[in-house]
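Working notes, beginning with the structure itself.
The values are calculated or read from the model by the stated rules, or taken from the named source; none is laboratory data. No experiment lies behind these values; they were computed from the predicted model shown. Every residue, glycine as well, gets a Cβ built from its backbone with ideal geometry; the counts of neighbours run over all protein chains shown. Just so you know, the surface numbers come from the protein's heavy atoms only, side chains and all, with ligands and any DNA or RNA stripped out. Shrake-Rupley method; radii C 1.70, N 1.55, O 1.52, S 1.80 Å.
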Amino acid sequence: MSIKVQQVPSGGHQAPQPTITSNGHSVPGQSTVKTLLGIGAGNAVEWFDWAIYATFASFISGQLFSKADPTSAFLATMAIFAVGFVARPFGGAFFGLIGDKVGRKAAMTMAVGLASVGSLIIAITPTYSSIGAGASLILLVARLLQGLAHGGEMPSAQTYLAEVAPAPKRGFYSTLMYFSGTAGIVAGTLLGAILTVTLTKEQMGAFGWRIPFAVGALMGLYTLIMRSRLKETEQFEEQKSAKAAAATKGPSVFSQIMANWRQAVRVIGLTVGLTVVYYIWSVSTPAYAIANLKMDPATALWTGVAANLVFMTALPFWGKLSDRIGRRPVLLISALGAAALQFPMSSLVRGEAWQLFVAMSVMLIFIAASASIVPAVYAELFPTAIRTIGVAIPYAIAVAAFGGTAAFLQAGFNAWFGIPTGGTIFAIYSIVLLLISALTIYKMPESVGKDLRG
């Protein structure tokens, strides 16, 4: 792998260090630090916006829904969380087309801006007591906007990252996606923990829960500016130049997707089990402990922060390991390990902080094995011309159908069948999906080190 070295310009100022891409060339005038910050900060804001909804669900249900039936209000709040996922395939298609036709940078920038608009709307939504069901409707619209944004964020950002990463270190570089995303989740959870300590329960219900959404909107504006200053990836520019030179209309996006339908099916199969356990153990479990096990909110949120820090620590280890031994072994360890531990770890959570921490940490260590490298794996499945939309649509469908409904089903099973029967049913459901992912991984070809040109 060759590395271009930029000359120090006259005047003594050091030129920006080049970003090294998969074929060894640089992104002129753009440092690696600038690239990683632009991707990571924007991804963190998207996940912050997305995750604080689950974190503050118990407060949202009390303010934007009728208080006559608290259980129904909480289920309705989680149902809107799931509905937000319905918009993700549409966002994946829209931003995927932008990513493959206009550029990865344009798709990433627009996605983070739209997510921030959704957060701002939630922050200023009137209460149910003020405007009745209109509050719930506004919340639904805001979540749909965020669903559109998040449907485009992951595919466009991870495609950009995979295309600028050195091929021998692509697995390690891809850990940035879930590392930065989890940093956003941790920041949201941490902010929630601080607010629950500094504000009274009445203050949290009245205005405290709105603060994180306002913060998310402001951070989104800043990261939008950061991303607008990034340069396009070399692979996309090469493809764009080749099309212009050929002066002929190439095959349609639809025909290319149909030609790569097996890869799309693999994305869905790989995602179904892993997305369920990720959203449950990384995002929703503290809220579940608060609502169903009556755990102190501050204790549950601080415990969630600690467990997610364990997850973040594990990500680079798995990413580096995949660059050494391959993607498939690491993915299989993740899916089969999470399936084997789903029952014992779910049974461990009974309302004590140490139980919540141990269960979340153990599960997240195994989940980290897949989360660390799926951005690289997805990118390695598709050609450059449809790398964004080819991942975006099947990934968004799988996340919407399974990840988006996970928190609702977990809460619903417990409400419908009681504890612990509801938990047992949900654990079986999760294990079945993880085994589907494991079978998909077993049948996938190894892709470590693949050249992403073409």
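Points worth noting:
- Distance distribution note for the stretch 319-454: the fraction of Cα pairs above 18 angstrom is 63%.
- As a ratio to 2.2 N^0.38 Å, the alpha-carbon radius of gyration computed for the stretch 265-395 takes the value 1.14.
- For peptides 254-262, 314-322, sequence by mean Cβ density within 10 Å, most packed first: 314-322, 254-262
- q = 0.06, 0.10 Å⁻¹: log10 I(q)/I(0) that the Debye formula gives for the chain, counting C-alpha atoms only: -0.24, -0.68
- Cα-based convex hull volume of the stretch 56-139 per residue, rounded to whole Å³: 85
- Relative contact order (%) - the chain, alpha-carbon pairs under 8 angstrom, separation at least six: 24
- Solvent-accessible area of Tyr278, all protein chains in place: 10 Å² (probe radius 1.4 Å, heavy atoms, ligands and nucleic acids excluded).
- In degrees, nearest ten, helix 88-101 long axis to first principal axis of the chain (Cα): 20
- Ratio Rg/Rh [Cα only; Rh per Kirkwood] for the stretch 136-176: 1.28
- Degrees between helix 327-348 axis and first principal axis of the chain (Cα, 0 to 90, nearest 10): 10
- Highest mean packing comes first when the peptides 106-113, 157-164, 404-411 are listed by Cβ atoms within 10 Å, giving 157-164, 106-113, 404-411.
- Local electrostatic count at Ser119 - Lys and Arg +1, Asp and Glu -1, tallied over other residues with Cβ under 13 Å: 0
- Volume per residue of the convex hull around the Cα atoms, evaluated for the stretch 166-297, comes out as 197 Å³.
- C-alpha long axis of helix 104-124 to longest principal axis of the chain, angle in °: 20
- Of the peptides 420-428, 220-228, the order by per-residue mean of other Cβ atoms within 10 Å, starting with the highest, comes out as 220-228, 420-428.
- Value of [θ]222 nm, deg cm²/dmol, for the chain, DSSP H segments ≥ 4, -39500 (n - 2.57) each, nearest 500: -25500 deg cm²/dmol
- Mean-position separation - Cα centroids, the stretch 163-204 and the stretch 290-361, in angstrom: 15
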